[in-house]
Structure formats: C-alpha cells, structure tokens
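Trainee: Input: one structure, supplied below.
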Amino acid sequence: MKTNKFIPICLLLICMTSCNTYHKISTRINRDGTMEREISTLGDSAFMADYSNKSPFLFQLDDTWKITPYDSTVSVDFLDDKMKFNVKAARKFSSLEAFREEVRPKENLDRLILPREELKKNFRWFYTYYTYQAVYPTIADRLPIPLSSYLTDKEQHILFQSDMTVFEGRNGYEMYSTLDGLSIKFEKWLQHCQYEIACTALMDELKRNGENTYHARLASARDSIFNSMDSKIKDDITNDGVIYSVFDKYFKTTFFSDFQSKNKERISEIAEQKSKLLALFEHNLCFSLEMPGKVINANTELRDNNAVVWKVDAYRFLAHDYMLQAQSRTCNVWAFLVTGLIILLAVYCFGRLSFLRKRE
C-alpha cells in the first residue's frame, strides 16, 4: 500500500522495541568443527498452515532445513522483554564457513543473519582450546548522516555497546544525566537522517523530471535549510507536506508543494527504497552458543545452562562492529594418562638405575 508520508525514521527507531520480532539462534559446535544450528521464531497462521507461505525466518528456507512446530506458543523472558516462539528450523553444517556459504538471507538482512564467524582449535597437550568469534559488521557506511557528526566515538560505544567504564565512581543520577544527554544527541541525529532521506528522495525526483534548476538550488542549500529549521519543525518533518512548506518558504516560491502534490507516490516510493536499512531494526536475536568442554571466557555474562548468550540487534552494530567472543577448554584425558605413564616409567628407570649402581 502506498503512503503519502516519508518513512518516519525517528518514530520507527525509537518505538522499534515495542514491535520487533525475536529469533533465538541456538548454536552447538562439536569437537570436529561441525555445527548444529537451531533457529526459533514466531510464525503467523498462514505460515503454520503452509511453510512455503510468508516465512518469518531471516533467510530463505529450503528442504535442507528440518522445520518443527512447537505444541503451543512459547513465551520466554529475556532482558526485560518477552520472546515468543511457535516454530523452529534446524540443520547441521560441516563448518561455520559452510553456514555463511549455503544460507541465503532475505533482502537487507544479511548483516544480521550472516556474521563473520570463525572457530580456532588449539592443542595444548593436556587441554584443547576452542576459540569462537562472530563479527557483525557495522552499518555505519549505510547511514544517511554519519553518527560522528553528533556523537563522539566513546559516546557511541556507551550508547550502543555497553561501555560502562565511563560510569565508574558515579551514582545513578549522574549516570542518568550522562545517558539522557547522549539520548538527546541521538534524537537530533535521527531528525537529521529523516531530513536527509526526505531531501534526497525529492532531489532524485526533481532530477528525473528534468527540474535541474530547482535540483541545483536545493542541493546547494540543503544543509543551510536544515540548520535554519527550529526544533518544532524538525519534530514534524515526517508529517505530510511540512518539508515542502519549509523549502517553499526558504526559496520564496510554491514550487515544491506543487511538485510534491503531483509526484507524491513516486517520491514516497523513493524514500521507502532509501529507508530499507530499517528492516534490520525490526529483529532482535537471542544468540545462544554451546562449545566443546567448559566455557572459560566470554564477552558476555548471560548464561543458559551450559550455553553463553548474547543479545544481537542493529543498534549494537549501528556505529561499530559488534563482536561475540567465547573460549572453551576440553581435557585431553589420554594426555594425562600418557604423561602419568611417562612419569611412572621415568621413576621406575631411575629407581632401577639406582638399584643397579648400589649392587655394583
């Protein structure tokens, strides 16, 4: 269905947590490097009746996946939120690399479902160490306005990747004041993104219609116009017609409002196309990982029995790569036995040698 408004980015991103979908990705890595992956999600009635219809999974299903419905919808608490599942898809892969090569993500969801995963296996005689790493590449290169225009690198880490070192020695009110200030900066960045997408969509349509004069005038003044807008207008920027009134007022004309009324649907389509990045923010992952032996180190405190758990969403790799890291250790029983035998043999040989020397 067509819309007569630009995609309201600010509203969508701020409210995303109330309308997103959870997917639980349970991964088990075996000693031989093979991987078993089970993905649970919530399917609608159409999908539950026919698995080829309206798939809720983040990737294209094929007959290599085993799809199993739950007996009923399962609700699970997770970080002050509730995850709901009623279907899961499971498959075994020969390696982590095989998952990346063989799974086809849905459009614009590749960075969420296909992180760069690697497993390193290191033999250390008594123990074998397994080191897992997954990197979710940042989407900073696809943002309309660089985050660095509003937030420093450290502020971005605080807001999106839980860098709590800055809060050492601070009380709750001081922490709140810092976060509140960063949130205000983030909202200003969102407003600028709204404006940029709206402006770019309009300019694309101006160019397509051969309106080169107005295209050039808007291109040269776009930053000045945004900086001259008051906060109330920036808050209303997604309301139909507001931005065109701003352009009309700035250039002292009615051209932009008239042009928008004639090309409303086309401009809206362009804006929606440029806003496809928002699809990433509609999904949250509960990423669960089981590794051979005992996990001895991980960059998360969350646990689910023997598994380590992370939350993954687009906010976490909005500004920087988001990394999942874990290391486990298995005991090489045979190495202890061999070492014990070597020690016993050494003791025996030493004792035997000493005995023979005494006899001489």
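The values are calculated or read from the model by the stated rules, or taken from the named source; none is laboratory data. Everything numeric here is computed off the predicted structure, so don't read it as measured data. Cβ atoms come from the backbone with ideal geometry, glycine included; neighbour counts cover every protein chain shown. Note: areas computed on protein heavy atoms with side chains; ligands, DNA, RNA excluded. Shrake-Rupley method; radii C 1.70, N 1.55, O 1.52, S 1.80 Å.
Trainee: Residue under question is Ile7, and the condition is that it be among the β-branched types (Val, Ile, Thr), at pLDDT 95 or above and either more than 13 Å from Leu285 (Cβ to Cβ) or not in a loop (DSSP other than H, G, I, E, B) (or both); does it hold?
Mentor: no
Trainee: State which residue is least open to solvent (accessible area, probe 1.4 Å) when the search covers only the range 34-55 and only residues that are assigned to a loop (DSSP other than H, G, I, E, B) and within 11 Å of Lys88 (Cβ to Cβ).
Mentor: First, the residues of the range 34-55 that are assigned to a loop (DSSP other than H, G, I, E, B): 34, 42-44, 50-55.
Narrowing further to those that are within 11 Å of Lys88 (Cβ to Cβ): 42-43.
Details: Leu42: 71, Gly43: 10 Å².
Among residues in the range 34-55 that are assigned to a loop (DSSP other than H, G, I, E, B) and within 11 Å of Lys88 (Cβ to Cβ), the one least open to solvent (accessible area, probe 1.4 Å) is Gly43.
Trainee: Follow-up. Could you run through the range 162-189 and say how many residues are open to solvent by 50 Å² or more (accessible area, probe 1.4 Å) and either in contact (Cβ under 8 Å) with a residue 12 or more places away in the chain or in a loop (DSSP other than H, G, I, E, B) (or both)?
Mentor: Summing the residues that are open to solvent by 50 Å² or more (accessible area, probe 1.4 Å) and either in contact (Cβ under 8 Å) with a residue 12 or more places away in the chain or in a loop (DSSP other than H, G, I, E, B) (or both) in the range 162-189 gives 10.
Trainee: Going by the conditions given, is Glu117 without any contact (Cβ under 8 Å) to a residue 40 or more places away in the chain and surrounded by 15 or more Cβ atoms within 10 Å (Cβ to Cβ)?
Mentor: It is true that Glu117 is without any contact (Cβ under 8 Å) to a residue 40 or more places away in the chain and surrounded by 15 or more Cβ atoms within 10 Å (Cβ to Cβ).
Yes/no per residue for (1) out of contact with any helix residue (DSSP H, G or I) (no Cβ under 7 Å at 6 or more places or on another chain); (2) more than 20 Å from Glu282 (Cβ to Cβ); (3) modelled with pLDDT of 90 or more:
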position	(1), (2), (3)
Ile29	yes, yes, yes
Gly43	yes, no, yes
Asn53	no, no, no
Leu58	no, no, yes
Asp77	yes, yes, no
Asp81	yes, no, no
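Trainee: With the checklist (1) part of a helix (DSSP H, G or I); (2) touching a strand residue (DSSP E or B) at 6+ places or on another chain (Cβ under 8 Å); (3) open to solvent by 30 Å² or more (accessible area, probe 1.4 Å); (4) not hydroxyl-bearing (Ser, Thr, Tyr) in hand, flag the one item Lys88 doesn't pass.
Mentor: Of everything listed in (1) part of a helix (DSSP H, G or I); (2) touching a strand residue (DSSP E or B) at 6+ places or on another chain (Cβ under 8 Å); (3) open to solvent by 30 Å² or more (accessible area, probe 1.4 Å); (4) not hydroxyl-bearing (Ser, Thr, Tyr), Lys88 misses just condition (1).
Trainee: Also: Quick one: in the range 56-85, of everything that is in a loop (DSSP other than H, G, I, E, B) and within 22 Å of the chain's Cα centre (by Cα), which residue is surrounded by the fewest Cβ atoms within 10 Å (Cβ to Cβ)? Spell out how you get there, then give the answer.
Mentor: Looking only at the range 56-85, we keep the residues that are in a loop (DSSP other than H, G, I, E, B), and these are 56-58, 60-65, 79-80.
Now drop any that are not within 22 Å of the chain's Cα centre (by Cα), which leaves 56-58, 60-61, 79-80.
Values: Pro56: 18, Phe57: 23, Leu58: 22, Gln60: 11, Leu61: 15, Leu79: 10, Asp80: 6.
That would be Asp80.
Trainee: Then there's this: Looking at Thr178, Thr200, Thr165, which is the one that is β-branched (Val, Ile, Thr), within 23 Å of Glu269 (Cα to Cα) and more than 21 Å from the chain's Cα centre (by Cα)?
Mentor: Selected residue: Thr200, the only one of Thr178, Thr200, Thr165 that is β-branched (Val, Ile, Thr), within 23 Å of Glu269 (Cα to Cα) and more than 21 Å from the chain's Cα centre (by Cα).
Trainee: With respect to Tyr348, is the statement that it is among the hydroxyl-bearing types (Ser, Thr, Tyr) and open to solvent by 70 Å² or more (accessible area, probe 1.4 Å) true?
Mentor: yes
Trainee: Here's another thing I want to ask about it. Restricting to the range 121-152, give me the number of residues that are closer than 27 Å to Val308 by Cβ and either out of contact with any His (no Cβ under 7 Å at 6 or more places or on another chain) or not β-branched (Val, Ile, Thr) (or both). Can you show your working first?
Mentor: We begin by selecting, within the range 121-152, every residue closer than 27 Å to Val308 by Cβ; these are 121-140.
From what is left, the residues that are either out of contact with any His (no Cβ under 7 Å at 6 or more places or on another chain) or not β-branched (Val, Ile, Thr) (or both) are 121-137, 139-140.
So the count comes out to 19.
Trainee: Restricting to the range 132-153, give me the number of residues that are part of a helix (DSSP H, G or I) and over 18 Å from the mean Cα position of the chain (by Cα).
Mentor: Of all residues in the range 132-153, those part of a helix (DSSP H, G or I) come to 140-142, 147-149, 153.
When the remaining residues are screened for being over 18 Å from the mean Cα position of the chain (by Cα), the result is 148-149, 153.
Of the residues in the range 132-153, 3 are part of a helix (DSSP H, G or I) and over 18 Å from the mean Cα position of the chain (by Cα).
Let's see how each residue does on (1) surrounded by fewer than 19 Cβ atoms within 10 Å (Cβ to Cβ); (2) in contact (Cβ under 8 Å) with a residue 40 or more places away in the chain; (3) closer than 26 Å to Arg37 by Cα; (4) in contact with an Asp or Glu (Cβ under 7 Å, 6 or more places away or on another chain):
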position: Phe256; (1), (2), (3), (4): no, yes, no, yes
position: Arg266; (1), (2), (3), (4): yes, yes, no, yes
position: Ala271; (1), (2), (3), (4): no, yes, no, no
position: Asn284; (1), (2), (3), (4): no, yes, yes, yes
position: Leu289; (1), (2), (3), (4): no, yes, yes, no
position: Gly293; (1), (2), (3), (4): yes, yes, yes, no
position: Ala298; (1), (2), (3), (4): no, no, yes, no
position: Asn305; (1), (2), (3), (4): yes, no, yes, no
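Trainee: Turning to a different aspect of this structure: Within the set of pairs 6 or more residues apart or between chains, which connect a residue that is of a type in the set (Gly, Ala, Ser) inside the range 38-53 to a residue that is in a helix (DSSP H, G or I) with Cβ atoms less than 8 Å apart?
Mentor: none
Trainee: How many of the residues making up the range 213-233 are in a helix (DSSP H, G or I), open to solvent by less than 40 Å² (accessible area, probe 1.4 Å) and farther than 14 Å from Phe256 by Cβ?
Mentor: Count: 1.
Trainee: Here's a follow-up. Pull out all pairs, ordered by first then second residue, where Cβ-Cβ is under 9 Å, the residues are six or more apart or on different chains, the first lies in the range 148-160 and is touching a residue at least 12 places away in the same chain (Cβ under 8 Å), and the second is surrounded by 12 or more Cβ atoms within 10 Å (Cβ to Cβ) and among the basic types (Lys, Arg).
Mentor: Within 9 Å, the pairs are Tyr150/Lys185; Tyr150/Lys188; Leu151/Lys185; Glu155/Lys185; Leu159/Lys185; Phe160/Arg316.
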